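Below is one structure, written out as structure tokens, with a few remarks after it.
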Amino acid sequence: MSAVHVPSETERIANRKKAKPGRTVRFRIKRCAGHGKPASWEDFDVVTEPGMNVISALQRIAANPVTSEGSRTTPVVWDSGCLEEVCGACTMVINGRVRQSCSCLVDEYAPEAGDVITLEPMSKFPVVRDLWVDRQRLFHSLKRAKAWVPIDGTYAAGSGPKESPDRQGTRYALSECMSCGCCLEACPQFTIEDDDAKWDESFIGAHAISQARLFNLHDTGKRLESDRLEALASKGGVSDCGNAQNCVKVCPKHIPLTESIAAMGRAVTIHRVKKFFTSKK
Amino acid sequence: MVNKPESRVIVVGGGLAGLAASIRIAESGVPVDLFSMVPVKRSHSVCAQGGINACNDVARQQGYSEYQHFDETIYGGDYLADQGPVLEMANWAPRVINLLDRMGVPFNRTGEGFRDLRLFGGSLFKRTHFSGATTGQQLMYALDEQTRRFEAEGRVTKYEFSEFLWPIVEGDGENKRCVGIVAQDMRTMQVRAFRADAVVMATGGCGLVFGKSTNSVMCTGGAASRCYQAGAWYANGEMIQVHPTAIPGADKCRLMSESARGEGGRVWVPRTAGDNRKPADIPEGERWYFLEEKYPGYGNLVPRDIATREIFDVCVNQNMGVDAGNQVYLDLTHKDPEYLTRKLGGIMDIYEKFVGDDPRYTPMKIFPAVHYSMGGLWTKFTPGSYRPNAQHGLHKPGQVPPIDGEIGRGMSPGAHDNAMTNIDGLYAFGEVNFAYHGATRLGANALLSCIFDGLFCGNSVVNFVTAGAPSERPAASLDQRLFDECVSAEQGKVDRLLQSVDSARAADEATNPYRIAIEMGEEMTAACTVVKTGERLTKTIDKLAELRERYASVCLGDSATWTNQSLSFTRSVGDMLILAEVIAKGSLQREESRGSHYRLDFPERDDERFLKTTIAEFDPAGTGPEAHRLTYRDVDTTLVKPRPRTYGRVDAKAEPAKAKAPATAGAAS
Ligand SMILES: Cc1cc2nc3c(=O)[nH]c(=O)nc-3n(C[C@H](O)[C@H](O)[C@H](O)COP(=O)(O)OP(=O)(O)OC[C@H]3O[C@@H](n4cnc5c(N)ncnc54)[C@H](O)[C@@H]3O)c2cc1C
Ligand code: SF4
Ligand code: SF4
Ligand code: FES
């Protein structure tokens with residue numbers, strides 16, 4: 001693989017200004033028939049259009065899957081949904097760094113004709129096919145963290161707890177997590193685990209730790225605080241985090257993950273101490 | 001009965017409507033099998049930005065009421081919605097908000113800690129609840145979390161990456177009943193039948209029929225089309241909402257929510273065509289705030305169809321668009337940047353990311369794009385009881401008659417047929433249900449209708465499976481043959497598509513599914529959106545017939561027997577073509593203008609002929625447009641009487657300026 005480059009913000013702005021529509025850009029895509037099967041690279045040349053993002057380039061490739069060498073191949077498989085960075089579906093590794101492909105503009109990454117953009121599936125989840133991975137484990141972590149408010153039921157029972165705008169602001173920021181998995185891809189402590197029987201004991205992940213914090217901050221959500229702390233105190237919980245802080249750097253929603261991890265780390269310690277004393281009685 | 005098998009319900013779709021339904025049904029003790037093409041948390045509903053409407057105490061003290069919300073919805077929809085369901089929805093809205101609040105949705109708060117409110121289109125009262133500019137995402141997450149809770153308890157079983165292919169229907173004519181579905185796993189490609197005592201379709205809209213829209217990639221309408229082809233009626237297909245403010249892109253048109261205008265955003269163009277100064281350098285007096293000028297009352301917050309036609313008129317007919325293109329300014333630069341971040345951060349980010357300018361300092365450039373389908377599967381309801389003469393805000397829905405005499409208003413809570421299609425046991429909730437929005441949907445009413453359907457009509461589903469036909473003849477007791485036959489029919493379709501892979505024809509554009517989809521989208525956008533004419537629509541119907549013919553020999557690009565995305569896409573293209581025909585034919589036959597449906601050759605509303613629901617019925621034996629039989633049903637207008645829908649336009653006499661050519665929404669400059 002030739003080294004490709006992730007442009008900085010200043011470079012992206014500059015690239016956008018200089019990029020000319022109608023140039024040909026090369027996509028180098030890692031193809032794989034499924035988890036455990038061998039992977040190989042294929043190149044595709046795509047003529048750019050104004051405002052083109054990686055997804056629209058993939059759409060052009062799907063419509064006419066011919067490689068740069070001119071041989072016809074199968075359409076590339078990928079995952080997407082909203083196309084505006086709110087659903088989290090389209091996460092992949094672009095030029096070596098994990099991010100959403102829908103918000104990745106070709107002009108910003110490949111401003112000159114002949115520039116190369118590489119696309120790879122995330123490595124921490126089993127590949128379904130090509131760029132599509134199976135992220136069930138990420139949702140499973142949310143079950144471990146009991147990431148919900150235990151309401152009595154859905155029949156009318158008045159409004160929820162009053163809340164200060166500050167508290168709302170804090171919760172809103174945490175609640176924007178779209179389960180995209182970038183934080184897990186970047187985390188050295190989170191490794192691929194395709195045996196779902198082991199999910200309960202492997203590292204729960206920064207996203208779920210942060211969700212535990214979110215629900216502990218809600219007046220009714222708090223009722224499950226000790227269950228959540230128990231889950232975070234056990235194997236694969238918050239102490240597995242090595243504090244590498246990679247997660248927070250790649251989170252597209254700027255979730256304060258390290259803050260959440262620190263807060264939950266402290267809460268788990270207090271919870272352990274409390275438990276120690278209450279169990280002694 | 002001995003050993004009566006447990007009833008089960010299938011919910012297809014995990015957007016707001018599907019999740020609300022799953023929660024309510026599972027909570028009532030009936031297990032739910034929940035199917036979705038994507039992990040439910042990634043459903044299209046996460047895109048919703050602006051908010052959700054409900055009467056509230058503050059508005060009430062200012063003279064607003066549930067009844068007024070109802071009236072606005074009917075007036076906004078140009079009287080095309082039956083009034084019973086709309087009344088019921090408006091009445092339940094405050095309870096829906098309270099529930100979401102209890103689930104922990106981080107609604108924006110006032111200084112004192114109450115839920116904050118904003119203005120939205122079609123109302124002069126603040127009655128829209130919101131969570132920044134990502135309200136849909138926040139509501140989705142709350143319902144997703146509750147669903148996960150039921151999943152953890154084993155009461156909801158999720159089938160994600162599973163595509164609904166066909167409803168399994170037993171019986172004939174009036175006795176038709178839906179008893180399950182055929183679905184395909186999108187990874188293993190296995191086609192299987194699943195039994196159920198009732199099936200709820202909550203599969204959302206069909207924006208992709210128009211190629212580029214504000215919708216997510218799975219919003220093909222394929223599922224609705226399959227139900228239609230299986231005998232369910234499709235209603236008001238021609239009612240497609242074009243949203244006034246979106247940014248055109250290579251793959252989709254990204255919405256800039258109506259909340260931008262609700263928070264004070266102003267739409268304008270330079271008064272002099274060709275004025276190419278920077279917007280900030282154009283003095284106030286040289287800007288044309290055309291919406292505010294024409295609609296002094298509602299200003300920038302007229303309903304979407306009106307704003308869209310005005311923008312279209314300014315750009316296309318008067319050539320007054322910014323930089324001589326199809327675009328106008330949506331300006332928020334007069335507002336405090338911090339305020340904008342707090343209230344509209346989500347859309348500010350989208351604009352900045354995709355366009356490169358910061359809308360806090362530079363006015364956005366926007367143009368209309370296809371956004372929402374008011375049309376959908378036709379559904380029934382049982383009228384309830386309501387006191388039309390009671391003081392606003394006091395009446396209680398669902399009270400047992402006699403209350404003040406009048407029976408036959410609203411919907412009857414728990415009646416088996418609420419939101420049920422013409423096929424027993426097959427329900428339609430959310431955007432795929434035609435019932436609430438008539439000829440134009442008011443902003444922030446969709447999320448409400450989705451969740452209302454799930455909760456309110458969810459009870460109807462429970463009552464149907466526990467006390468209706470399934471209690472006599474549970475799906476689990478039916479002969480396996482019916483299910484096997486449906487599976488082989490669908491497997492046959494899959495095999496035929498797989499066999500169409502042919503390297504010799506691969507480069508042929510005529511039979512390329514992607515090419516066919518692009519041509520369909522372009523044609524539909526050109527002829528079936530902002531301005532329609534009979535002449536143009538006739539051509540569209542011919543074009544669609546041509547595309548259907550080409551589709552008959554479509555050539556698939558991938559023969560893989562696992563994770564074959566092209567197969568799923570190609571299948572949906574065929575289904576979209578069918579819906580496109582329903583939309584085009586409905587547009588052609590509705591010779592009037594009403595709400596979002598504007599016919600240049602019939603510019604007036606014609607209540608005499610068309611205060612009627614269009615119902616399409618599919619005839620499998622018919623070819624091309626003949627396959628769709630359109631009939632018209634009267635609309636119930638007993639509470640709110642039709643009045644001219646002008647929104648206080650000052651030059652109300654001068655009809656919307658003559659449009660030149662059919663619209664090309666979403667294809668700006
Ligand atoms: C950009 C944008 C902003 C909006 N903002 C607002 C707003 O502020 N306020 C408002 O009230 N409304 C808004 N709307 C409208 C509103 O978001 C939608 O009408 C609503 O979310 C639809 O929800 P739903 O539950 O009906 O369907 P969706 O959320 O579309 O969900 C459909 C579900 O069906 C599944 N599905 C579809 N086909 C199949 C199949 N064949 N097999 C299996 N599963 C299938 C999908 O996987 C998905 O889970 C907005 C819409 C858009 C596009
Ligand atoms: S801080 Fe913890 S969770 Fe984040 S990347 Fe590092 S090890 Fe992983
Ligand atoms: S925390 Fe951020 S990176 Fe991690 S899943 Fe959530 S949104 Fe994605
Ligand atoms: S497609 Fe939804 S985040 Fe990219």
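Structural remarks
- 1.4 Å probe, heavy atoms, protein only - residues of the stretch B:115-137 losing at least 40 Å² accessible area vs chain alone: B:Gln137
- At an R0 of 51 angstrom, the distance between the Cβ atoms of B:Val650 and B:Asp542 translates into a FRET efficiency of 0.80.
- Under the combined filter of DSSP loop state and at most 15 neighbouring Cβ atoms within 10 Å, the stretch A:129-199 retains these chymotrypsin sites (Phe, Trp or Tyr not before Pro): A:Tyr155.
- Probe 1.4 Å, protein heavy atoms only - accessible area per residue of the protein assembly as shown in square angstrom: 35
- Apportionment of accessible area to carbon and sulfur, chain B, percent (1.4 Å): 50
- Radius of gyration, Dmax [the stretch B:175-274; alpha carbons; angstrom]: 19.7, 65
- 10 Å-binned pair-distance histogram of the stretch A:129-200 (Cα, whole percent): 13, 35, 29, 17, 5
- Its residue count N fixes a reference of 2.2 N^0.38 Å for chain A, and the Cα radius of gyration divided by that reference is 1.16.
- Peptide ranges B:203-213, A:161-171 listed from the most packed, as the mean C-beta count within 10 angstrom indicates: B:203-213, A:161-171
- Maximal additional length on extending the B:Ser477-B:Glu626 stretch stands at 49.8 nm, based on 0.36 nm per residue less the C-alpha distance.
- Radius of gyration and maximum dimension Dmax of the stretch B:200-246, Cα, Å: 11.5, 36
- Reachable lysines, given that their alpha-carbon falls under 22 Å from the alpha-carbon of B:Lys353 and they are not under 8 places away in the same chain: A:Lys17, A:Lys18, A:Lys20, A:Lys249, A:Lys253, B:Lys212, B:Lys252, B:Lys278, B:Lys335, B:Lys343, B:Lys365
- Debye equation applied to the C-alpha atoms of chain B, log10 I(q)/I(0) at 0.06, 0.07, 0.09 Å⁻¹: -0.31, -0.43, -0.72
- Cα-based Lys pair tally, the stretch B:481-634, threshold under 16 Å, eight or more apart or on separate chains: 5
- According to the Kirkwood relation over distinct C-alpha pairs, the hydrodynamic radius of the stretch A:9-132 is 14.6 Å.
- What separates the Cα centres of the stretch B:448-526 and the stretch A:113-150 is a distance of 27 Å.
- Taking 0.36 nm per residue of separation and subtracting the current Cα-Cα distance, fully stretching the chain between B:Asp619 and B:Gln589 would add 9.0 nm.
- Global form of the stretch B:246-367, assessed from the alpha-carbon gyration tensor, a/c cut-off 1.5: rounded
- Of all aspartates and glutamates in the structure, those lying under 18 Å Cα to Cα from B:Lys641, and not within fewer than 8 positions of it along the same chain, are B:Glu66, B:Asp71, B:Glu72, B:Asp78, B:Asp82, B:Glu88, B:Glu406, B:Glu604, B:Asp606, B:Asp607, B:Glu608.
- Spin-label proximity, A:Val116 to the stretch A:75-105 - amide N less than 14 Å from point 7 Å beyond Cα toward beta carbon: A:95-96
- Average beta carbon contacts from partner chains per residue of A:102-114, 10 Å cutoff: 2
- Computing Rg and the Kirkwood Rh from the Cα coordinates of the stretch A:132-264 gives a ratio, Rg/Rh, of 0.98.
- Applying both filters, DSSP loop and at most 12 other Cβ atoms within 10 Å, to the GluC sites (Glu not before Pro) of the stretch B:1-74 gives B:Glu6.
- Ranked by the mean number of other Cβ atoms within 10 Å of their residues, highest first, the peptides B:596-606, B:365-375, B:621-631 fall in the order B:365-375, B:596-606, B:621-631.
- Nitroxide proxy distance, nm - points 7 Å out along Cα→Cβ at A:Glu230 and B:Arg633: 5.2
- Peptides ranked, highest mean first, by Cβ atoms within 10 Å: ranges B:214-227, B:534-547: B:214-227, B:534-547
- Rg/Rg_globular for the stretch A:187-281, with Rg_globular taken as 2.2 N^0.38 Å and Rg from C-alpha atoms: 1.12
- Each Lys or Arg adds one and each Asp or Glu takes one away; over the other residues whose Cβ falls under 10 Å from the Cβ of B:Cys55, this sums to 0.
- Accessible area that becomes buried as A packs against B, both chains, 1.4 Å probe, Å², nearest 100: 6000
- Hypothetical label at B:Glu112: residues of the stretch A:162-176 whose amide nitrogen lies under 20 Å (7 Å Cα-Cβ projection): A:162-169
- P(r), alpha carbons of the protein assembly as shown - 10 Å bins starting at zero, rounded %: 2, 12, 22, 27, 22, 11, 3, 0, 0
- Other protein chain C-beta atoms within 10 Å of residue C-beta, averaged over B:250-258: 5.
- Neighbourhood charge, 14 Å Cβ-Cβ cut-off, centred on A:Thr191 and excluding it, Lys, Arg +1 and Asp, Glu -1: -3
- Relative to the current alpha-carbon distance between A:Ile270 and A:Thr24, full extension at 0.36 nm per residue lengthens the span by 82.7 nm.
- Estimated inter-spin distance, A:Glu11 and B:Asp57, nm [label 7 Å along Cα→Cβ]: 5.6
- For peptide B:510-522, the mean count of partner chain Cβ atoms within 10 Å of a residue's Cβ comes to 1.
- Between A:Lys162 and B:Asp484, the FRET efficiency from the beta-carbon distance, with R0 = 56 Å, is close to 0.50.
- Largest first, the residues A:Arg213, B:Arg643 sort by 1.4 Å accessible area into B:Arg643, A:Arg213.
- Bins of 10 Å from zero: percent of alpha-carbon pairs in the stretch B:481-634: 10, 33, 30, 18, 9, 1
- Counted by Cβ distance under 9 Å from B:Asn108, the other residues give a net charge of +4, where Lys and Arg count +1 and Asp and Glu count -1.
The values are calculated or read from the model by the stated rules, or taken from the named source; none is laboratory data. Worth saying up front: this structure is predicted, and the values here are computed from it rather than measured. Positions of Cβ are backbone-derived with ideal geometry, glycine not excepted, and every protein chain shown enters the neighbour counts. Calculation scope for accessible area: heavy atoms of the full protein, side chains included, ligands and nucleic acids excluded. Shrake-Rupley method; radii C 1.70, N 1.55, O 1.52, S 1.80 Å.
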